[in-house]
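The values are calculated or read from the model by the stated rules, or taken from the named source; none is laboratory data. Everything quoted here is computed from the prediction, not taken from an experiment. When we count neighbours, we look across all protein chains shown, and the Cβ atoms used for this are built from the backbone with ideal geometry, even at glycine. Keep in mind that these areas ignore ligands, DNA and RNA; they rest on the heavy atoms of the full protein, side chains included. Shrake-Rupley method; radii C 1.70, N 1.55, O 1.52, S 1.80 Å.
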Amino acid sequence: NDITYTVAIRHVGEAGIALLSFQDITALTTAGEMRRDFVANVSHELRTPLTALMGFIETLRGPARDDAPARERFLEIMQNETERMNRLVGDLLSLSRVEADERVRPTGQVDICAVMRSTLRNLNPLAIEADVNLIPELPKGTVMMAGDADQLMQVFTNLVENAIKYGGSGKRVIVRMNFEAQMNALRGPGVSIAVRDEGPGIDPLHIPRLTERFYRADSHRNRALGGTGLGLAIVKHILNRHKGRLKITSELGQGSEFKVILPLEQDTTTLDEAG
Ligand code: ADP
């Protein structure tokens, strides 16, 4: 019995150690793999517009040299591709900044109502251009929270830009803000900001992965729309920093809702009666 007992212990112990070191290696491999995947993705995303540019330059110097209308058309495509590369590099820089900041608690105090008002004001021209009816449902007054104003503006800019882009022309985008003294998801006071569109919606299959870098629910369509595939990854890191949540709900053919929930400290809300 003694022997069996010892063997059994040793066996369990070894199995435990084996498992631990196995998990360790897995974690390392995964981080390494993720970095490699990311570099491969970035290279691919940059190479696609570059290849197009190289092709057009060749055509402009050769066959299209004396064809003025074709030249004009190609130059326009080249400009679009260059702008897309520029957005991609800008988003990559934003992503690396917000990732680096993620563990640093924001020290500033921001009025989240003011953040929302200026975000929507900035995006109004885009909505008009896209023939989207951008409808704010914001309370009047101020709601202070610990946060980084620029980063929070970036979150709502990305979400509203997506809603305009994917929602489609002739549709509405509704941005609705609410407070709750006791928010279940946070076990305390919080503010929720829901960005709702009337677009094609998102297959539930894709929803859990949308905040991954370069993940696109429909890659061909979304590339054509000029997206970098990084917007929601940036949103995720900024919300992590603010201890916030993102809840995505969608119904195919009906539209999507991206709802941000942010924690508030107590007694920071002064809403006007009208709000
Ligand atoms: P992108 O630059 O491609 O828009 P994002 O990270 O902002 O990248 O979004 C990731 C993917 O999530 C998009 O490619 C799109 O498939 C999907 N998506 C985001 N917002 C919406 C929306 N409002 N309606 C439908 N699909 C959306």
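Show the residues, 5+ positions off or on another chain, whose built amide H is closer than 5 Å to the amide H of LYS171.
Distant-sequence amide H within range of LYS171: ASN133.
What is the extension gain from GLU58 to LEU75, computed as 0.36 nm multiplied by their sequence separation minus the C-alpha to C-alpha distance, in nm to one decimal?
Length gained between GLU58 and LEU75: 4.9 nm.
Simple spin-label model, 7 Å along Cα-to-Cβ: GLU137 to ARG121 in nm?
2.4
Whats the longest run of the chain with zero trypsin sites (Lys or Arg not before Pro) that are DSSP loop and have at most 12 other Cβ atoms within 10 Å?
188-275
Please report, to two decimal places, log10 I(q)/I(0) for the chain at q = 0.11, 0.15 Å⁻¹ as given by the Debye formula with identical point scatterers on the Cα atoms and no solvent.
-0.76, -1.18
Once both labels are modelled 7 Å past Cα along the beta-carbon direction, what's the ARG103-SER169 spacing in nm?
Result: 4.8 nm between the two label points.
For n ≥ 4 DSSP H runs only, could you compute -39500 (n - 2.57) per run for the chain, divide by its residues and tell me the 222 nm figure to the nearest 500?
When only DSSP H runs of four or more count, the value is -19000 deg cm²/dmol.
Step through the residues of region 238-248 one at a time and calculate ³J(HN,Hα) from phi using the Karplus curve (6.51 cos²θ - 1.76 cosθ + 1.60, θ = phi - 60°), rounding each to whole Hz and writing x for Gly and Pro.
Calculated HN-Hα couplings, in order: 5, 5, 4, 4, 8, 6, x, 10, 10, 10, 10 Hz.
For VAL89 and GLU33, compute 0.36 nm times the residue count separating them, minus their Cα-Cα distance, and round to one decimal in nm.
18.0 nm
Using alpha-carbon positions, what is the distance between the centroids of region 41-67 and region 83-126, in Å?
Taking the Cα centre of region 83-126 as reference, the centre of region 41-67 is 31 Å away.
Tell me the carbon and sulfur percent of the accessible area for the chain, rounded to whole percent, probe radius 1.4 Å.
Carbon with sulfur: 54 percent of the solvent-accessible area.
Which value, to two decimals, describes the C-alpha radius of gyration of region 111-178 once divided by 2.2 N^0.38 Å?
The value comes to 1.10.
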